[in-house]
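Remarks on the structure that follows.
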Amino acid sequence: MMHINYVKTMTQGMGDSEKAVFIHDYLVNSFQYGAESTPGSAVQGFKTGFTRCLGYTAAFYIIGLNCGLKVRAIPGAVEDVGLNTFSIVNVNGRDLVVDVTRDDSSQSNKYLLIPLSDYKSMTNTVIYRDSFFEDIV
């Protein structure tokens, strides 16, 4: 709760894109990508500083929702990497990808607030579909 409350306080009065960028940067500065044996949870990330893609995505999702963002966690797979998760946040009526894991690993903002079609072509990601995600393919 401490992290959620801190980010909520810091993002008061910001627009949705500013909130998404702040949360993204907060998580990039808070987490490091852990070894394969590292549990992939947001809680683990906040406790130890290490998590995996699911932890980054869960943290962005939880904090984003608490800051008033319309955000979804998306499951997928990448050819050369395997399973992957990332977030989609709605900004001004547009669904945009935020992949905190990839940005943290590449030390960039390359995967911050980009259209899903661009993300899929850049990463070779295949979205796993189920009843919650029928509308994003």
Rank-order 46-58, 69-81 by packing density, defined as the average count of other C-beta atoms within 10 Å over each peptide's residues, highest first. 46-58, 69-81
Residue order, fewest to most surrounding Cβ atoms within 10 angstrom, among Ile23, Ile127: Ile127, Ile23
As a Kirkwood estimate from alpha-carbon pairs, the chain has a hydrodynamic radius in angstrom of 14.9
Cα-centre dipole for the chain with unit charges at Cβ (Lys and Arg positive, Asp and Glu negative), debye to 20: 320
Testing the spin-label approximation: label points 7 Å from Cα along Cα→Cβ at Asn5 and Lys47. State their distance in nm. 2.1
On a C-alpha basis, how far is the centre of the range 107-123 from the centre of the range 1-57 in Å? Whole number, if you could? 18
For Lys110, go through the lysines and keep the ones whose alpha-carbon is under 19 Å away, minus same-chain ones fewer than eight residues off. Lys19, Lys120
Setting aside same-chain residues fewer than 8 positions from Lys47, which lysines have a Cα under 20 Å from its Cα? Lys8
Report the extension gain between Met14 and Ile114 in nm, rounded to one decimal, defined as 0.36 nm multiplied by the number of residues separating them, less their alpha carbon distance. 34.1 nm
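Laboratory data are not the source of any read-out in this text; all were calculated from the coordinates shown. Keep in mind that what you see is a predicted model, and the values were worked out from it rather than measured. All Cβ positions, even for glycine, are placed from backbone atoms using ideal geometry, and neighbour counts span all protein chains on display.
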